[in-house]
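Here is the structure we will look at, set down as structure tokens.
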Amino acid sequence: MASEVSERRAREANMKTVISQKLIESGEREKLRELLKTRLIECGWRDQLKAHCKDIVKKRGAEHVTLDEIVKEITPQGRAMVPDSVKRELLQRIRTFLAQQANM
């Protein structure tokens, strides 16, 4: 059973690598990044995260906080704040891309 799990994980890792490579080679990855950036700005995510960063710096003082500490603190919250609609849209775009690749 443990070998089945490790085999499945290996296949999944390989599949993720192949998908990532296809996205990069086709230029689709950059298009998805731009779409994500646009959607996050449109929904106010970027402004909310920026305000949260300012709060952290204000509370601790600029001389007592590093960029790495801010990133470490805001990353989980930032990921959780991404609207489900944005996640669904990106996932659908990836699925469409993969379907087109499969038909080639």
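The values are calculated or read from the model by the stated rules, or taken from the named source; none is laboratory data. Note that this is a predicted model, so its numbers are computed, not measured. Backbone-built Cβ (ideal geometry, glycine too); neighbour counts: all protein chains shown. Surface accessibility is based on the protein's heavy atoms, side chains included, excluding ligands, DNA and RNA. Shrake-Rupley method; radii C 1.70, N 1.55, O 1.52, S 1.80 Å.
Under 29 Å Cα-Cα from Lys16, which lysines qualify once same-chain neighbours fewer than 8 residues away are excluded?
Lys31, Lys37, Lys72, Lys87
What's the local net charge at Arg33, with K and R +1, D and E -1, over the other residues with C-beta under 13 Å away? Mind showing how you got there, number by number?
Values: positive: Arg29, Lys31, Lys37, Arg39, Arg93; negative: Glu28, Glu30, Glu34.
For residues surrounding Arg33, the net value is +2.
Once R0 is set to 35 Å, what does the formula 1/(1 + (r/R0)^6) return for the Cβ-Cβ distance between Ile41 and Ser3, expressed as a FRET efficiency to the nearest 0.05? Could the numbers behind the result be given before it?
Values: r = 46 Å, r/R0 = 1.32.
Result of the calculation: an efficiency of 0.15.
With a/c under 1.5 counting as rounded, go ahead and sort segment 6-46 into rounded, prolate or oblate using the C-alpha gyration tensor (a ≥ b ≥ c being the square roots of the eigenvalues; past the cut-off, prolate if a/b is larger than b/c, else oblate). Provide the component values of the computation, followed by the final result.
Working: a/c = 6.88, a/b = 2.00, b/c = 3.43.
Oblate.
Using a 1.4 angstrom probe and counting only protein chains, how large is the accessible area of Asp84 in Å², to 10?
Taking all protein chains as shown, Asp84 has close to 90 Å².
Please report the spacing between the Cα centers of segment 67-104 and segment 1-26 in Å, no decimals.
Using only Cα atoms to place each centre, the spacing works out to 18 Å.
If we count every other residue with Cβ under 15 angstrom of Met15's Cβ, Lys/Arg +1 and Asp/Glu -1, where does the sum land? Intermediate results must be reported in sequence, preceding the final value.
Details: positive: Arg8, Arg9, Arg11, Lys16, Lys22, Arg95; negative: Glu7, Glu12.
Neighbour charge sum, excluding Met15 itself: +4.
What would the Debye formula give as log10 I(q)/I(0) at q = 0.13, 0.18, 0.28 Å⁻¹ for the alpha-carbon point model of segment 29-103, no solvent?
Here log10 of I(q) over I(0) equals -0.51, -0.79, -1.24.
Mind checking the dipole of segment 25-103: about its Cα centre, +1 per Lys or Arg Cβ, -1 per Asp or Glu Cβ, Debye to the nearest 20?
Rounded to the nearest 20 debye, it is 160 debye.
Return one whole number: the accessible area per residue of segment 29-103 in Å², for a 1.4 Å probe.
Numbers: 5750 Å² over 75 residues.
Value returned for segment 29-103: 77 Å² of accessible area per residue.
Where the accessible area of the chain is counted over protein heavy atoms with a 1.4 Å probe, how much of it, in %, is carbon and sulfur? Don't jump to the answer; show the numbers that get you there.
Working: 4490 of 8330 Å².
Solvent-exposed carbon and sulfur of the chain make up 54 percent of the total.
If each DSSP helix of 4+ residues adds -39,500 (n - 2.57) and the sum is divided by the residues in the chain, what number results at 222 nm, nearest 500 deg cm²/dmol?
-29500 deg cm²/dmol
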